[in-house]
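Take a look at the structure below.
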Amino acid sequence: MKERLEVGQIVNTFGIKGFVKIYPYVDDIKRFGNLKNVYIKSKNKEQKLEIAEVKYQKNMVLVKFKGIETVEEAEKLRNSYVEIDRKDAIELEEGQYFIADLLGLPVYVDTGEKLGILDDIFNSGSSDIYVVKNELGKQYLLPYIDEVIKDIDLENGKIIVHIIEGLI
């Protein structure tokens, strides 16, 4: 399991006092208000920053970091990812998982054959969609419903699915 979890991406600056606008990857954006420190990760740099202030604007999070005082300093953080230590993450309920723990897991059909690797997860509105890619690059889109996703076994590192008629 990963030590850190990605919770958002800095997509822009906000105002002239060094705020950044974060597109959150979490279900409840108010969660940012409980964080004290985050890791800002870009292609060539990683830094730990202390949060000074958090505001909310529609579905975005506005964050002011200590030491980032101008729009020019905030601009340098644009397109970076925001990560937290796993210990700072919320407690998940039974049957809930962090996406970071699922991506890359092998996916097996309940008849025994390997379907592929879990490559991505996105939400279609009514349910999550698991994108499974096989060795040849073919993708299978599987809805996260009880009839299809039978077992997620993090301990043994695999996902078991049932292919209903017409799905593939």
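Ranking of THR70, THR111, THR13 by neighbouring Cβ atoms within 10 Å, starting from the fewest: THR111, THR70, THR13. Ordering ILE163, ILE40 by the number of other Cβ atoms within 10 Å of each residue's own Cβ, fewest first, gives ILE163, ILE40. For the listed residue pairs LYS43/LYS114; LYS2/LYS41; LYS17/LYS43, the alpha carbons are over 23 angstrom apart in LYS43/LYS114; LYS17/LYS43. What net charge is computed for the residues neighbouring LYS36, neighbours being all others with C-beta under 10 Å from the C-beta of LYS36, Lys and Arg scored +1, Asp and Glu -1? Residues close to LYS36 contribute a combined charge of -2. Counting only aspartates and glutamates at least 8 places from LYS64 when in the same chain, those with an alpha carbon closer than 20 Å to its own are GLU6, ASP28, GLU46, GLU50, GLU53, GLU72, GLU73, GLU75, GLU83, ASP85, ASP88. For the options ASP151, ASP27, ASP128, a Gaussian network treatment of the chain with springs between C-alpha atoms closer than 10 Å singles out ASP27 as fluctuating the most. For segment 99-161, the square roots a ≥ b ≥ c of the C-alpha gyration tensor eigenvalues yield an a/c under 1.5, which makes the shape rounded. Summary of the geometry: segment 97-168 and segment 25-43, compared by the centres of their Cα atoms, lie 27 Å apart.
Mind checking which aspartates and glutamates have their Cα closer than 20 Å to the Cα of LYS150? Skip sequence neighbours fewer than 8 apart in that chain. In chain and number order, the partners are GLU93, GLU94, ASP101, ASP110, GLU113, ASP119, ASP120, ASP128, GLU165.
Mean residue ellipticity at 222 nm, helices only, the chain: -1000 deg cm²/dmol; runs of at least 4 DSSP H residues each add -39,500 (n - 2.57), and the sum is divided by the number of residues.
Prolate is the label for the chain. Its Cα gyration tensor axes, ordered a ≥ b ≥ c, give a/c of at least 1.5 and a/b above b/c.
Here, each number is a calculation from the coordinates, and none is a lab measurement. Every value quoted in this text rests on a predicted model; they were computed, and no experiment measured them. With ideal geometry, Cβ positions are generated from the backbone for all residues, glycine too; neighbour counts draw on all protein chains shown.
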